[in-house]
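In what follows, a single structure is set out as structure tokens and then discussed.
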Amino acid sequence: MENKSSNFLRNIIIEDLKSGKEDHVITRFPPEPNGYLHIGHAKSICLNFDLADEFNGKTNLRFDDTNPIKEDTEYVESIKEDVKWLGYEWDNLFFASNYFEEFYNRAVLLIKKGKAYVCDLSPEEIRNSRGTLTEPGKESPYRNRSIEENLDLFERMRKGEFKDGEKVLRAKIDMSSPNINLRDPILYRIAHATHHNTGNRWCIYPMYDFAHPLEDAIEGVTHSICTLEFEDHRPLYDWAIQECEMPNVPHQYEFARLNITNTVMSKRKLKLLVDEKVVDGWNDPRMPTISGLRRKGYTPESIQNFAREIGVAKADSIVDEKMLEHFIREDLKLKAPRTMAVLQPLKVIITNYPEGQVEMLEAENNPENPEMGVRQIPFSREIYIEQDDFMETPPPKYFRLFPGNEVRLKHAYFIKCQEVIKDDQGNVIEIHCTYDPETKSGTGFTGRKVKGTIHWVEASQALPADFHLYEPLILDEQMKEEEEEGKTFLDYINPNSLEVLKGFVEQNMKEAKAQDKFQFFRHGYFNVDPKYTTSEKPVFNRIVSLKSSFQV
Ligand code: ATP
Ligand code: MG
Ligand code: MG
């Protein structure tokens, strides 16, 4: 695992500044507004902003909005919100679509230099004529059109004289280049579509490989960081900058994209999950989107720390999802108040406790952070405990409640199980216990010991609550068969990815607001869901359970 000190991108920047190749640093985060950002994007955001920050540089947020068909202002807004929420402030906000005129002029320059031509082959014919790694490509019959004819046709493409797919503008490089990306790649295509920013002003749009280097150059980006799959595109990136005679010369560097176990990380697939209503939106807590992680209860700090810890690598790898969980536990350990919640309630009657009496007991809010103080919680004759904290016939080493056994109620007393009440079908519906007043928590009672401590909630004042527990949406193991069987990932949706439990929380949770985070004793960390919580009933999303065998 690499950390900050072995970040090869950082070393490149240090070297560039030392050698005088650059005297400042400008990076950019360049999302295409065709979906919501996911944790992989968060990695790229942290990387670009942190690197520039370290060298007193600047980072721009640039919308790489050159494809009108899939883009939308809803995505633009969500991306801005997510970057801000992650804790970053961009120096400039740019839209690649504002450079359409400049892209066009640069394309005209290429034509004039004999470096680009209009081709009438269909996209499929172009693909088929590009050759393979072992076979050179075939030159297009339109490759040797005159400069005048190319200028005329390109202008008419812009005017809308041709239909989608009828013509493209291609770079004239080398059809036998060992790098297939250099075999006369398409620079412009026709798309009669309304663009979220430029409306119907354009019907030709630049391809990523042409637009991206020019965008970087126009904005004076020094270090253009992208993911590994663009490594083979770098010669084309450099070609475009050089042949278009851009005054600034940015350089592209590639790092391995983030992959996480059991996590789908592609906007296209995430959009399918939304469109097919597998989830309740882009911010469903099961989604690896930044907005989904936020709604699940992740904090910006936990995501930043995760991104920094995994570092940057030059080879693809897959990070264990437990690592992300580790960082939210660490972040919430001292921040989140600890309270008690019963997720699957079982009524307990304490038969020797006075009827009608309610006493208040003191409970610490976070034993690891005494500054969080204490709260008062009610205790009375009727309480709820967890169904699985009772067993009528316990296995060996079961130290919780069973007939004749005594346990400690957290913050309260020892209780002993005296009687099990069942319904007609034989289901346990109530437990009758006795309590020992001498064992009250905080009094220093040492008379005898019990092996089990369980949590509980006083019944008369308990606040009903829903709990949403999650498992991965898609299971990796099953997914591996995807290609063999010709199914899509949608065939491998985990039917148990959401479990809804109906239970109770302490009465003081009435004050809890959307996005507040708590540690429920023995259950883990939970977040108040902003979508389903009502004034009558809070809904808690489990962020992560408590146990972890994971070591960083
Ligand atoms: P997706 O395949 O999910 O649609 P993308 O790369 O097409 O992702 P962009 O909007 O183009 O999405 O990405 C913006 C930036 O985020 C790019 O610089 C891209 O390299 C980076 N990025 C996207 N996914 C990851 C990832 N999994 N890990 C690291 N960086 C990523
Ligand atoms: Mg992209
Ligand atoms: Mg994409």
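Laboratory data are not the source of any read-out in this text; all were calculated from the coordinates shown. Only a predicted model underlies this, so the values are computations on that prediction, with no experimental measurement involved. Here Cβ is always computed from backbone atoms with ideal geometry, including for glycine, and neighbour counts include all displayed protein chains.
Here are some notes:
- Normalised by 2.2 N^0.38 Å, where N counts its residues, the alpha-carbon radius of gyration of the range 338-462 equals 1.06.
- Computed magnitude of the charge dipole of the chain (debye, nearest 20; Cβ of K, R +1, Cβ of D, E -1): 540
- In plain terms, the chain from Glu149 to Lys269 could stretch by 39.0 nm, reckoned as 0.36 nm per residue minus the Cα-Cα distance.
- Ranked by the mean number of other Cβ atoms within 10 Å per residue, highest first, peptides 262-270, 393-401 order as 262-270, 393-401.
- Extending 7 Å from the Cα toward the beta-carbon at both Lys138 and Lys531 defines two label points whose distance is 5.1 nm.
- When you count the other C-beta atoms within 10 angstrom of each residue and take the mean per peptide, 418-431, 520-533, 463-476, 310-323 line up highest first as 520-533, 463-476, 310-323, 418-431.
- Length added when fully stretched, Val374-Asn34, from 0.36 nm per residue minus Cα-Cα: 117.6 nm
- In this label model, Arg201 and Asp436 are separated by 8.1 nm, measuring between points 7 Å along each Cα→Cβ vector.
- Distance between the range 393-418 and the range 71-149 - C-alpha centres, whole angstrom: 69
- Among Ala191, Gly524, Ile126 - extreme Cα towards positive end, dipole of the chain, charges at beta-carbon: Gly524
- Of Lys80/Lys296; Lys335/Lys547; Lys271/Lys335, those spanning more than 22 Å from alpha-carbon to alpha-carbon: Lys271/Lys335
- Gyration tensor verdict on the range 1-105 (Cα atoms; rounded if a/c is under 1.5, prolate if a/b is larger than b/c, oblate otherwise): oblate
- Label-point separation in nm, Glu511 to Ser19, each point 7 Å along Cα→Cβ: 6.0
- Cα-centre dipole for the range 293-429 with unit charges at Cβ (Lys and Arg positive, Asp and Glu negative), debye to 20: 300
- Dipole of the chain, positive direction: furthest Cα of Leu273, Tyr384, Thr299, with charges on the beta-carbon: Tyr384
- Share antiparallel - DSSP beta bridges, the chain, percent rounded to 5: 70
- Top positive-direction residue, dipole computed over the chain with Cβ charges, set Gly486, Gly356, Ala116: Gly356
- When the inverse distances between all different Cα atoms of the chain are averaged and flipped, the Kirkwood radius reads 27.6 angstrom.
- Dipole magnitude (debye, nearest 20) for the range 21-169, charges at Cβ of Lys, Arg, Asp, Glu: 640
- The residues neighbouring Glu155, those whose beta-carbon lies less than 14 Å from its own, together hold a net charge of +1 under the Lys/Arg +1, Asp/Glu -1 convention.
- Distance from the Cα centroid of the range 244-290 to that of the range 305-377 is 30 Å (rounded to whole angstrom).
- Of interest is the spacing of the C-alpha centroids, which for the range 496-552 and the range 6-30 amounts to 43 Å.
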